[in-house]
Amino acid sequence: MVRVKLWGSLRSLADGQEYVEVDARNFRQILDQLEEKHPGLKPQIRRGVSFALDGVIYRDAWFTKVDEDSEVVLMPYMVGG
């Protein structure tokens, strides 16, 4: 199981939970599990989300490997330059 921290407005879409656990090995599987377990997250996930894996922020890195002891943070899509 991977422990995922939900950042900002995403918490309210998952019944106020700050952390959720999912059975996943990559970013795509994390998103699929979150949509299944917390349907309220689905519209935001479809619009776009970013995730931080061990302190590095990713977007559209579907098959990035995630270990059980990885620090995973999911947040609304971040733009910047």
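Quick look at the values:
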read-out: Residue 12, sole failed condition from (1) over 16 Å from residue 77 (Cβ atoms); (2) touching a helix residue (DSSP H, G or I) at 6+ places or on another chain (Cβ under 6 Å); value: (2)
read-out: Tally, over the range 15-53, of residues that are within 13 Å of residue 76 (Cβ to Cβ) and touching a Lys or Arg at 6+ places or on another chain (Cβ under 6 Å); value: 1
read-out: Top-ranked residue in the range 7-25 [being of a type in the set (A, V, I, L, M) and farther than 18 Å from residue 64 by Cβ; ranked as surrounded by the most Cβ atoms within 10 Å (Cβ to Cβ)]; value: 10
read-out: From 28, 59, 3, 46, residue being among the basic types (Lys, Arg) and surrounded by 14 or more Cβ atoms within 10 Å (Cβ to Cβ); value: 28
read-out: Qualifying strands (runs of 3 or more DSSP E) (wholly inside the range 1-77; at least 3 residues being on the phi > 0 side of the Ramachandran plot); value: none
read-out: Qualifying positions in the range 46-64 - modelled with pLDDT under 95, touching a helix residue (DSSP H, G or I) at 6+ places or on another chain (Cβ under 9 Å) and under 15 Å from residue 26 (Cα atoms); value: 49, 51, 58, 60, 61, 62, 63, 64
read-out: Enumeration of residues in the range 31-43 that are surrounded by fewer than 12 Cβ atoms within 10 Å (Cβ to Cβ) and over 20 Å from residue 63 (Cα atoms); value: 39, 43
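The values are calculated or read from the model by the stated rules, or taken from the named source; none is laboratory data. In this text the structure is predicted, and so the values were computed from the model without any measurement. Ideal geometry is used to build each Cβ from the backbone, glycine not excepted, and the neighbour counts take in all protein chains shown.
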